[in-house]
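Notes follow once the structure below has been shown.
The values are calculated or read from the model by the stated rules, or taken from the named source; none is laboratory data. This structure is a prediction, so every number in the text was calculated from the model and none was measured. Cβ placement follows ideal geometry from the backbone for every residue including glycine, while neighbour counts extend to all protein chains displayed. These accessible areas exclude ligands, DNA and RNA; they are computed on the full protein's heavy atoms, side chains included. Shrake-Rupley method; radii C 1.70, N 1.55, O 1.52, S 1.80 Å.
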Amino acid sequence: MSSEAKQLVQSSGIERRSLFLEVLSKHYELIFAIASGIFILTGWMLDKNNYPSASVAFYVLAFLIGGYAKAKEGIEDTIAEKELNVEMLMIFAAIGSAIIGYWTEGAILIFIFALSGALEAYTMNKSQKEISALLDLQPEEALLLLNGKERKIAVAQLQIGHIILVKPGERIPADGLIVRGETSVDEAAITGEPIPNDKKVGDEVFAGTVNLRGSMEVQITKPSDQTLFQKIIRLVQNAQSEKSPSQLFIEKFEGTYVKGVLITVAIMMILPHYTLGWSWNETFYRAMILLVVASPCALVAAITPTTLSAISNGARHGILFKGGVHLERLAFLKAIAFDKTGTLTQGKPIVTDVIVREGLSEEELLHITASIENHSTHPLASAIVQYAKKTYNIQMSTPEQMEDITGFGLKGTLNGIVYKIGKANFIGENADLFAGSAAERLAQQGKTIVYISDESEILGLIAMKDVLRKESVEAIRELNMLGIQTIMITGDNEQTAHAIASESSITEYYASCLPETKVQTVKALKEKYGSVAMVGDGINDAPALATASVGIAMGEGTDVALETADVVLMKNELSRLAQAIRLSRRMNTIVKQNIIFSLSVIALLICSNFFQALALPLGVIGHEGSTILVILNGLRLLQANK
């Protein structure tokens, strides 16, 4: 055999060993549980064929292999926390069964306990699947364009301002803006939506999404560790480490309960012999059954798998919870307060109405206005310029002179004529009367008015508005159907607030609110309704988000809002809010089902044992079977119900 062939064989062998070790480390609890089951079956068959010594040897192997993971966990936790736990109870129960000669029952107890542990591990792995999937989607290299040449570099080396080339079929390595090219992008990894989005110059793209159609050049806008992609990963990781109040209560309750069980078992090993006339063998046997059936395994497993499954479900649909505590609280909300700008509305003004004087066309008015406004950075100016380009494809002229008069508007000279663009009091005393006082009607609709005049008269007006998101009305309706009061808190004036509230079917609103006023309003709403959420996206919303019972941020909001919030709606879709509340209520329902079921089973088994109507095998099956059922019930939340 040649040296190359030997190296190939060695390499293949190393790969197989590596793959085997990877599978073993990921699924060792399940593998050990199955091995334990095989040893139990072998021991039982040997026992039936009169090989008692050999059967005991296989039962011992079943104890050691099956109980390894849980025994290791129980002993380590006991040493670290100086508190007995459920795992230690199971170890004592299995050893006690073996002492009184019930090797099969003790081994079955270990097997089912190991199997339930494997199921819990599966739940944890399943809940982390989104993180693993996202990490796999993160490109490691990018194609940097520098001085007209292409060069591959590590994504971590990308800097803000760099231009990268993304070819069809490639994943986008970093967040940025398209500076050249048009394409369609599959953003399912970020938003959960399967329909690709069309992208053109100026549109934002995100790391981890797929460029489907054409080549594009992207200017980097965020460092690789601050991308939306990385934020999702960190939010999900944080959510998995935090515990809900129910879970914390059960964990606190567990230590006291275990001590109580051990004390009761110790009493039962002696007292029934003298008070009820049981034999010593029967007394010890019943004490061991009590040790098995009274262990709160199902109770402990009632919450964690369910919570992790719900967090995983939410992450798949673009709803990121920063912990089980916030997910649990959503079910108890009585009211939700919304910021207006960027939350209920799109967050940027668009032109809604253009009114011109007789003898002048709309296109002519927009040409004049856009040519002057093109030299301003004001959001209203940008809205007018975009509207002019989109509606008439206007080619703008360059003003000979331009002056920005702060607080009022612009004055510009175009083709020798001086034009003024701005508020009514900047244009002239009679501006409000233009076009039959149309401005008054438009203002009542919450619109901002910009007038345009030349040296002799008013030429027209342009009305703009920060319009509602398409889904806002439906989202409000869904929340009201869930019995939740919807409220709007905004810094805008009374007229604008009233108009937006009416359009979105919100009956309670608070206008002209500064950041500190928003906090006071949220506090007042908590006194009025009890549990209140706040939804926002801006820096000015952050104090109110922190004050609310649950703070909810829009995914495209400011970093401060995202950091402060407890829940993040990644795609800015308010419809996800009702989905999150339904998920929370469903989770709490399943947790209640699990707790009631597990306590009922424990009570039934204890009573049956006290009346000597329960054999150890049935106690093992009843107790551990209920644990498995509880875990499987929690796993139902992995299903993608909307």
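Charge dipole of the range 526-642 (Cα centre as origin; +1 on each Lys and Arg Cβ, -1 on each Asp and Glu Cβ, all else neutral): 600 debye, rounded to the nearest 20. For the range 509-520, 3J(HN,Hα) computed residue by residue from phi via the Karplus equation (6.51, -1.76, 1.60; θ = phi - 60°) reads 8, 10, 9, 6, 9, 7, x, 5, 5, 4, 4, 4 Hz, glycine and proline entered as x. Fully extending the segment from Glu362 to Tyr68, taken as 0.36 nm per residue of separation minus the present Cα-Cα distance, adds 97.8 nm. Counting only alpha carbon atoms, the long axis of helix 362-373 and the longest principal axis of the chain meet at about 80°.
Once both labels are positioned 7 Å from their Cα atoms along Cα-to-Cβ, the gap between Ile263 and Tyr392 label points is 8.7 nm. Placing unit charges on the Cβ atoms of the charged side chains and taking the dipole of the range 256-373 about its Cα centre, the candidate lying farthest along the positive direction among Val292, Ile355, Phe332 is Val292.
Of all chymotrypsin sites (Phe, Trp or Tyr not before Pro) in the range 357-424, which ones are in loop regions per DSSP and have a Cβ with at most 14 other Cβ atoms within 10 Å? Each step should come with its number before you reach the end.
On the way: sites: Tyr387, Tyr392, Phe408, Tyr419; in loops: Phe408.
Here the chymotrypsin sites (Phe, Trp or Tyr not before Pro) that fit, given the DSSP loop and packing criteria, are Phe408.
Calculated from the structure at hand, Cα Rg over 2.2 N^0.38 Å is found among [x] 1.66; [y] 1.03; [z] 1.31 as [z].
A full extension of the chain between His273 and Lys167 corresponds to an added length of 30.0 nm, given 0.36 nm per residue minus the alpha carbon distance. Contact order, relative form, for the chain: 14 percent (alpha carbon pairs under 8 Å, 6 or more residues apart, mean separation divided by residue count). What angle do you read, to the nearest 10 degrees and between 0 and 90, between the alpha-carbon axis of helix 52-81 and the longest principal axis of the chain? Computed tilt is about 40 degrees.
Before rounding to the nearest 500, sum -39500 (n - 2.57) across all DSSP H runs of length at least 4 in the chain and divide by the residue total; then give [θ] at 222 nm in deg cm²/dmol. Don't jump to the answer; show the numbers that get you there.
Working: 24 runs with 353 residues, N = 642.
-18000 deg cm²/dmol, from helical runs alone.
Dipole orientation for the chain: of the candidates Met534, Leu146, Ala93, Ala93 has the Cα lying most toward the positive pole (charges on Cβ; Lys, Arg +1; Asp, Glu -1). When the C-alpha to C-alpha distance is required to be over 18 Å, the pairs from Lys411/Lys465; Lys465/Lys523; Lys348/Lys447; Lys390/Lys423; Lys82/Lys259 that qualify are Lys411/Lys465; Lys465/Lys523; Lys390/Lys423.
Rounded to the nearest 20, the size of the Cβ-charge dipole of the chain about its Cα centre is 1920 debye, with Lys and Arg at +1 and Asp and Glu at -1.
The label-point distance for Asp404 and Leu146, in a model that sets each label 7 Å from Cα toward Cβ, rounds to 3.5 nm. Relative to the first principal axis of the alpha-carbon coordinates of the chain, what is the inclination of helix 304-316, with its axis defined by its Cα atoms, in degrees from 0 to 90 and to the nearest 10? Taking the Cα atoms of the chain, the angle to 304-316 is about 30 degrees. Residues in the chain average 48 Å² of solvent-accessible surface per residue, probe 1.4 Å, ligands and nucleic acids excluded.
How much FRET efficiency would the formula 1/(1 + (r/R0)^6) give for Arg213 and Val179, where r is the Cβ-Cβ distance and R0 is 22 Å, rounded to 0.05?
Values: r = 17 Å, r/R0 = 0.77.
Calculated value: 0.80.
Computed from label points 7 Å out along Cα-Cβ, the spacing between Glu471 and Lys592 is 2.8 nm.
How much FRET efficiency would the formula 1/(1 + (r/R0)^6) give for Lys82 and Cys607, where r is the Cβ-Cβ distance and R0 is 25 Å, rounded to 0.05?
0.15
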